[in-house]
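Input: a single structure, listed below in structure tokens.
The values are calculated or read from the model by the stated rules, or taken from the named source; none is laboratory data. All of these numbers come straight from a predicted model, not from anything done at the bench. Using ideal geometry, Cβ is built from the backbone for each residue, glycine included, and neighbour counts are taken over all protein chains shown.
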Number of protein chains: 2
Amino acid sequence: MRVVVPYAGRDPKSRLSERLTESERRAFARAMLRDVLDAIEAAGHDPVVLATEPVSVSDADVVVDDRPLTPAVNAVLARLDGSDGDGPAFADVARDGEVAVAMADLALATPEAVRRLADAEGTVVVAPGRGGGTNALVVRHPEFRVDYHGASYRDHRRIAEEVGASVRVVDSMRLSTDVDEPSDLAEVLLHGGGESRRWLREAGFELNIRGGRVGVVREA
Amino acid sequence: MRVVVPYAGRDPKSRLSERLTESERRAFARAMLRDVLDAIEAAGHDPVVLATEPVSVSDADVVVDDRPLTPAVNAVLARLDGSDGDGPAFADVARDGEVAVAMADLALATPEAVRRLADAEGTVVVAPGRGGGTNALVVRHPEFRVDYHGASYRDHRRIAEEVGASVRVVDSMRLSTDVDEPSDLAEVLLHGGGESRRWLREAGFELNIRGGRVGVVREA
């Protein structure tokens, strides 16, 4: 299956700006993208980066669409009915009548987690993110469309119901962990295994173990 | 399998004290305990509450051990080698050479998530919590012991390795979500289905949808 990975290269991960400079955020976002693409490939699926501006990645197709996330993804989903859609060309993006969408900051994604997503039954499969977001989707229904604004998990369930899709929810800690905020960096250090974790460690981040949940500290 | 659910009735959920009074926290903690016990039972397993003081619950055995979490759980695990241990009596707690431990604040637990935990292979099975904790365990190795202080997920993996146990990690958003902090209440409203969600709604809590992740508000 094609797995579309939306990627915004400009000012990425702004909620990490307390802890990382802009150039560091760009580098870290690239490391997370790499981990997501690697997990998709190792799961036997075909990643394609849906980027807001040209980006160079190895082993993945890149299509540029400078629109916001929701219309850019919906242009992909519009291909499920066999039409050409109104977005940039995606060769065979909806082959076999299905396409997945996975966020580029799922730094804990593993091949097994991607397989659980892709193998789940349902004409719409949702992996919720912490805080009401939608971190990954499989869409097999030609009328389903996304709306990433606000608590999108609820909205996507509602939209799926409205078009008559059968919904399955994937219960994955790894797919629920999008890396947006400083506390999320601890999850990467704890559970990540790829470029993202390596990048953080090389940048001097370590776990900071206090009484309750762990955080991160950065060496001076 | 017996699933031991440690429960501290005194001053529970202190990190929610900004949003809930002490008596509310006690009631909410009880609602979460009920949901955890229900999920375990519906999964076909036998819950037993390991409480710091006497507590009345229906459909579950209760054993009182007023020691802190780590020694109280280790007294249970000591039964895996067939001995009587040094803790209060648990009838057949380690029958078939296995026992599970699940925290009482896993308000999103479902029978399916409990089944995935119980069915995972490995002589030690771990469901990590957000922030480095250990939310649920299955122990089938007589020498494994817990240490819940600090980043227990890492410590439990290390301890398992030291005693030669094979470790499996369960990738579950539901089991990773222990409800400790106000932001966790949003997860209960979004994904909970039992007493905990009902209690929060009756107490006036609603989702508060801002730009990024959702939070909660409480009606005056």
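Within region B:35-46, is even one residue over 20 Å from B:ARG116 (Cα atoms) and either among the hydrophobic types (A, V, I, L, M, F, W, C) or in contact with a Cys (Cβ under 7 Å, 6 or more places away or on another chain) (or both)?
no
Matching residues to (1) under 30 Å from B:PHE28 (Cα atoms); (2) among the aromatic types (Phe, Trp, Tyr); (3) modelled with pLDDT of 95 or more:
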position	(1), (2), (3)
B:ASP81	no, no, no
B:GLY87	yes, no, no
B:GLU112	yes, no, yes
B:LEU117	yes, no, yes
B:GLY122	no, no, yes
B:VAL139	yes, no, yes
B:VAL167	no, no, yes
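Out of everything in region B:19-54 that is hydroxyl-bearing (Ser, Thr, Tyr) and farther than 15 Å from B:PRO6 by Cβ, what residue ends up being surrounded by the most Cβ atoms within 10 Å (Cβ to Cβ)?
Top of the filtered list is B:THR21.
Tell me, which strands (runs of 3 or more DSSP E) wholly within region B:127-220 include 3 or more residues that are buried (at least 18 other Cβ atoms within 10 Å of the Cβ)?
Fully inside region B:127-220 and qualifying: B:134-139.
Only one residue in A:PRO88, A:PRO47 is under 17 Å from the mean Cα position of the chain (by Cα) and on the phi < 0 side of the Ramachandran plot. Which one?
Result: A:PRO47 is the single residue among A:PRO88, A:PRO47 that is under 17 Å from the mean Cα position of the chain (by Cα) and on the phi < 0 side of the Ramachandran plot.
Answer yes if at least one residue in region B:134-151 is among the hydroxyl-bearing types (Ser, Thr, Tyr) and over 25 Å from B:GLU112 (Cβ atoms), and no otherwise.
Yes, region B:134-151 contains a residue that is among the hydroxyl-bearing types (Ser, Thr, Tyr) and over 25 Å from B:GLU112 (Cβ atoms).
Restricting the search to region A:165-220, which residues are aliphatic (A, V, I, L, M) and under 21 Å from A:GLY132 (Cα atoms)?
Of everything in region A:165-220, those that are aliphatic (A, V, I, L, M) and under 21 Å from A:GLY132 (Cα atoms) turn out to be A:ALA165, A:VAL167, A:VAL169, A:VAL170, A:MET173, A:LEU175, A:VAL179, A:LEU185, A:ALA186, A:VAL188.
I'd like the residue in region A:87-126 that is part of a helix (DSSP H, G or I) and touching a Leu at 6+ places or on another chain (Cβ under 9 Å) and, out of all such residues, is surrounded by the fewest Cβ atoms within 10 Å (Cβ to Cβ).
Of everything passing the filter in region A:87-126, A:GLY97 is surrounded by the fewest Cβ atoms within 10 Å (Cβ to Cβ).
Quick check on B:LEU175: is it away from every other protein chain (no Cβ under 13 Å) and not small (Gly, Ala, Ser)?
So B:LEU175 does not fit the description; no.
Is one or more of the residues making up region B:186-194 away from chain A (no Cβ under 13 Å) and on the phi < 0 side of the Ramachandran plot?
Yes: region B:186-194 contains one or more residues that are away from chain A (no Cβ under 13 Å) and on the phi < 0 side of the Ramachandran plot.
Under 7 Å between Cβ atoms, which residue pairs at least 6 apart in sequence (or on different chains) link something in region A:97-122 that is away from chain B (no Cβ under 14 Å) and under 15 Å from A:LEU137 (Cβ atoms) with a partner that is in a loop (DSSP other than H, G, I, E, B) and among the polar types (S, T, N, Q)?
A:GLY122/A:SER166
For the structure I just gave you, tell me whether B:VAL216 is of a type in the set (Val, Ile, Thr), touching a helix residue (DSSP H, G or I) at 6+ places or on another chain (Cβ under 6 Å), under 24 Å from B:ALA29 (Cα atoms) and within 14 Å of another protein chain (Cβ to nearest Cβ).
yes
May I ask you to verify whether A:GLY82 is over 12 Å from the mean Cα position of the chain (by Cα) and within 14 Å of chain B (Cβ to nearest Cβ)?
Criteria not met by A:GLY82.
For region B:133-172, which positions are within 11 Å of chain A (Cβ to nearest Cβ) and without any contact (Cβ under 8 Å) to a residue 12 or more places away in the chain?
Listed by number, the residues that qualify are B:ASP155, B:ASP171.
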